[in-house]
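Have a look at the structure below, then the notes.
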Amino acid sequence: MKVVATYSIKGGVGKTTTAANLAWAAAQAGQRTLLVDLDPQGASSFYFRVRPRKGQKSKELLKGGDSLLGGIRASDHDGLDVLPAHLSYRHFDVLLDGMKKSRSRLRRALEAAQDDYDLIVLDAPPNITLLSENLFDAADLILVPVIPTPLSERTWNQLLTFFADHGLPRKKLRPFFSMAQPRSRIHKQTMARLRQEDRFLDVVVPQSADIERMAERREPVMVYAPTRDAAKACRALCTEVLRELAAP
Ligand SMILES: Nc1ncnc2c1ncn2[C@@H]1O[C@H](COP(=O)(O)OP(=O)(O)O)[C@@H](O)[C@H]1O
Ligand SMILES: [Mg+2]
């Protein structure tokens, strides 16, 4: 079982969009996939029309075992299940803080899903917290959407500094350009500069109204607009990531 996360210190950069598309594409490719929505806002649960069971709170998720498995719901898509978010997830950090081995609890909890799934996709809330550190530990690959602007570049560099300062493996981080505007001078220059410094994914996800419509359609862009350029970019991103995950 592999674990991939979408993560950024910044909000509104494309984490949930990417997690939803990737989870769906992996399931389409025949992988038994579980999308775990860690953000109390519950956007990826919303995309797949899944609500948490009553009492399925942050404590149940972190307990692992049957407590975690009991919260999993089927989606409308073959091979794709969702562990939906609960509003109590806003207390993750307080909960984690009171636990032993507080940075590896998520990884241990997810072991419960090992036999049932080939891939777990984690959709994370923004910020850099104890929950984020759990995600850094649990994930084999961390996808970081970077909007090609100086402010996003700055938060990307903050993340690199955090990894360096805490001795975390930088090779887990895989950034990619999200919401890119090919005609913008700032976007073009930022992409060129960052590509020289780091291994960004080849594919660039454009700013696109087709992708924005996911919230209205409540399904991946590749389902309702498969021939549009934005959907092709999302599909290419998923292919690139799944290939990377499959590499030894
Ligand atoms: N490539 C894109 N083009 C246009 N809108 C996008 C794109 N990616 C995401 N969005 C929109 O931007 C908003 C934030 O995206 P989301 O994936 O929820 O970000 P995050 O999870 O990082 O907060 C949503 O309304 C989403 O529909
Ligand atoms: Mg989100």
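All of the numbers you see were taken from the coordinates with simple rules; none came from a lab. It should be emphasised that the depicted structure is a prediction, and the values quoted were computed from it without experimental measurement. Positions of Cβ are generated from backbone atoms using ideal geometry, with glycine treated the same way; all protein chains shown enter the neighbour counts.
Examine the range 81-99 for a residue that is part of a strand (DSSP E or B), in contact (Cβ under 8 Å) with a residue 40 or more places away in the chain, within 17 Å of Asp123 (Cα to Cα) and of a type in the set (A, V, I, L, M, F, W, C), and state whether such a residue exists. Please lay out each step first, then the result.
From the range 81-99, those part of a strand (DSSP E or B) are 81-83; that's our starting set.
Keeping just the survivors that are in contact (Cβ under 8 Å) with a residue 40 or more places away in the chain gives 81-83.
This time we only want the ones that are within 17 Å of Asp123 (Cα to Cα), so: 81-83.
Next, only the ones that are of a type in the set (A, V, I, L, M, F, W, C) stay: 82-83.
For the range 81-99, residues part of a strand (DSSP E or B), in contact (Cβ under 8 Å) with a residue 40 or more places away in the chain, within 17 Å of Asp123 (Cα to Cα) and of a type in the set (A, V, I, L, M, F, W, C): present.
Does the range 205-226 contain at least one residue that is closer than 29 Å to Ala247 by Cβ, more than 13 Å from ligand 1 (Cβ to nearest atom) and in contact with an Asp or Glu (Cβ under 8 Å, 6 or more places away or on another chain)?
Taking every residue of the range 205-226 in turn, none turns out to be closer than 29 Å to Ala247 by Cβ, more than 13 Å from ligand 1 (Cβ to nearest atom) and in contact with an Asp or Glu (Cβ under 8 Å, 6 or more places away or on another chain).
On the given criteria, is Arg174 farther than 27 Å from Asp76 by Cβ and not in a helix (DSSP H, G or I)?
Judged against the criteria, Arg174 is a match.
Which residue is farthest from ligand 1 (Cβ to nearest atom), if the candidates are limited to the range 1-19 and must be under 21 Å from Ser208 (Cα atoms), small (Gly, Ala, Ser) and in contact with a strand residue (DSSP E or B) (Cβ under 7 Å, 6 or more places away or on another chain)?
Taking the range 1-19 first, the residues under 21 Å from Ser208 (Cα atoms) are 6-8, 10-19.
Keeping just the survivors that are small (Gly, Ala, Ser) gives 8, 11-12, 14, 19.
With the extra rule that they be in contact with a strand residue (DSSP E or B) (Cβ under 7 Å, 6 or more places away or on another chain), the set shrinks to 8, 14, 19.
Numbers: Ser8: 6, Gly14: 4, Ala19: 8 Å.
Top of the filtered list is Ala19.
I'm checking my understanding of the structure. Among residues of the range 34-58 that are within 14 Å of ligand 1 (Cβ to nearest atom), assigned to a loop (DSSP other than H, G, I, E, B) and of a type outside the set (Phe, Trp, Tyr), which one is farthest from Ala112 (Cα to Cα)?
Gln41
Taking the stated definitions as given, is Ser132 under 18 Å from Gln41 (Cβ atoms) and within 14 Å of ligand 1 (Cβ to nearest atom)?
Details: under 18 Å from Gln41 (Cβ atoms): yes; within 14 Å of ligand 1 (Cβ to nearest atom): yes.
Yes: the conditions hold for Ser132.
Name the single residue that is nearest to ligand 1 (Cβ to nearest atom) among those in the range 21-33 being surrounded by fewer than 24 Cβ atoms within 10 Å (Cβ to Cβ) and among the aliphatic types (A, V, I, L, M).
Within the range 21-33, the first condition is being surrounded by fewer than 24 Cβ atoms within 10 Å (Cβ to Cβ), and the residues that meet it are 25, 27-32.
Now restrict to residues that are among the aliphatic types (A, V, I, L, M): 25, 27, 29.
Numbers: Ala25: 15, Ala27: 19, Ala29: 21 Å.
Per the stated criteria, the residue is Ala25.
Within the range 66-89, which residues are among the hydrophobic types (A, V, I, L, M, F, W, C) and farther than 14 Å from Ala109 by Cβ?
So in the range 66-89, the residues among the hydrophobic types (A, V, I, L, M, F, W, C) come out as 68-69, 72, 74, 80, 82-83, 85, 87.
Ala74, Leu80, Val82, Ala85, Leu87, listed by residue number.
Of a type in the set (Lys, Arg), touching an Asp or Glu at 6+ places or on another chain (Cβ under 7 Å) and at negative phi: is that true of Arg73 in this structure? Spell out the reasoning first.
On the way: of a type in the set (Lys, Arg): yes; touching an Asp or Glu at 6+ places or on another chain (Cβ under 7 Å): yes; at negative phi: yes.
Considered against the rule, which asks whether it is of a type in the set (Lys, Arg), touching an Asp or Glu at 6+ places or on another chain (Cβ under 7 Å) and at negative phi, Arg73 comes out as yes.
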